[in-house]
Amino acid sequence: MRWKIPKPFFYVSVAATAVGVSCLTKDYMGGTKYEGKENLAGKIFIVTGANTGIGKEITEDLANRDAKVIMACRDMEKCEMTRRNIVLETKNKYIYCRKCDLSSQESIRKFVEQFKKEYDKLHVLINNAGVMRCPKTYTKEGIEMQFGVNHIGHFLLTNLLLDVLKASAPSRIVNLSSSAHRTGQVDTKNLNWDKDYDAGKAYAQSKLANVLFTRELANRLKGTGVTVNAVHPGIVDTEITRHIRMYNNFFTRIFLKPFAWPFIKAPAQGAQTVLYAALDPSLTDVSGCYFDNCKIEDVSNDAKNDDLAKWLWKVSEKWSKLNIT
């Protein structure tokens with residue numbers, strides 16, 4: 001007499017197997033995990049966009065290592081909620097919220113002014129915050145939002161903090177870029193997207209600008225003990241996709257996201273290469289590189305254009321009024 005598996009049990013087994021395979025796939029697709037065990041007591045970090053997504057995971061990891069972390073965020077209410085949870089989870093009370101709206105150069109300057117009143121050291125600056133494929137909008141200075149936040153805002157913040165970073169050497173700067181830089185082009189005649197705005201192309205341009213900025217800054221920092229590198233965190237499920245309709249309509253959320261879930265990184269997985277670039281002892285003298293999955297990778301030909309990097313630096317200085325302060 002053949003024993004038949006009851007249908008409910010069979011369906012449960014199939015579902016459990018599918019869930020297990022999905023979890024294993026997601027773990028594999030999540031990439032390399034940073035295994036360093038550094039204790040960061042006495043070290044001071046700034047993380048932009050630290051209240052959610054990758055920034056939150058970076059902050060929590062640093063807090064677990066006893067670092068002192070300044071969460072530079074636009075939304076103070078969300079920042080404070082995240083800060084409290086991280087403090088309760090890690091038992092590290094040295095986690096602080098500070099207002100820093102990267103779409104406002106006045107806000108950036110006020111943040112730096114307050115930071116310098118409170119601290120005379122900064123060991124690692126992690127430029128994590130960003131916007132992606134947003135509608136055509138502008139910063140308070142009239143700069144296209146993606147270029148203004150992703151590049152100009154961090155360009156200004158970094159340059160205003162260079163004196164403290166140099167005084168704290170060896171120190172590091174980590175810029176979050178993206179593989180989207182490979183399709184990016186810096187349109188020298190339409191840099192601000194005053195005409196023919198394309199959200200996707202504007203995002204790719206801003207990510208290319210991150211790499212160009214990283215490489216030019218690395219050249220300028222030679223011999224200072226301060227390194228700077230760019231990171232591609234991978235395709236990560238964070239709030240940065242909120243402006244992409246395809247990801248957020250009802251059909252996608254219900255029918256497609258469950259199938260895509262195993263192949264998209266969780267924020268904690270997206271944080272791993274950032275932590276590697278920020279902490280790994282072997283990278284003390286490594287600068288001007290682009291990391292993906294905890295490895296140095298090549299960049300696009302446009303990203304290697306030193307003349308373009310110098311031109312972009314001059315424009316960025318002008319647009320951020322660095323020479324007028």
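Over the range 133-240, what relative contact order in percent results from Cα pairs under 8 Å that are six or more residues apart?
35 percent
Within a 10 angstrom radius of the beta carbon, how do Trp311, Trp193 rank from fewest other beta carbons to most?
Fewest to most other Cβ atoms nearby, the residues stand as Trp311, Trp193.
Taking a cut-off of 12 Å between Cα atoms, list the aspartates and glutamates near Lys140, but don't count ones fewer than 8 places away on the same chain.
Asp101, Glu106
So how many Lys-Lys pairs in the range 262-325 land under 29 Å Cα to Cα, not counting same-chain pairs under 8 apart?
9
Under 15 Å Cα-Cα from Lys43, which aspartates and glutamates qualify once same-chain neighbours fewer than 8 residues away are excluded?
Glu60, Asp61, Asp66, Glu118, Asp120, Asp280
Among Met132, Met76, rank each residue by its count of other Cβ atoms within 10 Å, from fewest to most, as a rough exposure measure.
Met76, Met132
Pairwise over distinct Cα atoms, reciprocal of the mean inverse distance: report the Kirkwood radius of the range 148-215 in Å, one decimal place.
One decimal place: 13.0 Å for the Kirkwood radius.
Can you sort His232, His151 by how many other beta carbons sit within 10 Å, fewest first?
Going from least to most buried by this count: His232, His151.
For a paramagnetic label modelled at 7 Å from the Cα of Ser300 toward its Cβ, which residues of the range 143-159 fall within the zone defined by backbone nitrogen distances under 13 Å?
Within reach of a label on Ser300: no residues.
Rule-based calculations on the coordinates, nothing more; no lab input. Just so we're clear, the structure is a prediction, and the values are computed from it rather than from any experiment. With ideal geometry, Cβ positions are generated from the backbone for all residues, glycine too; neighbour counts draw on all protein chains shown.
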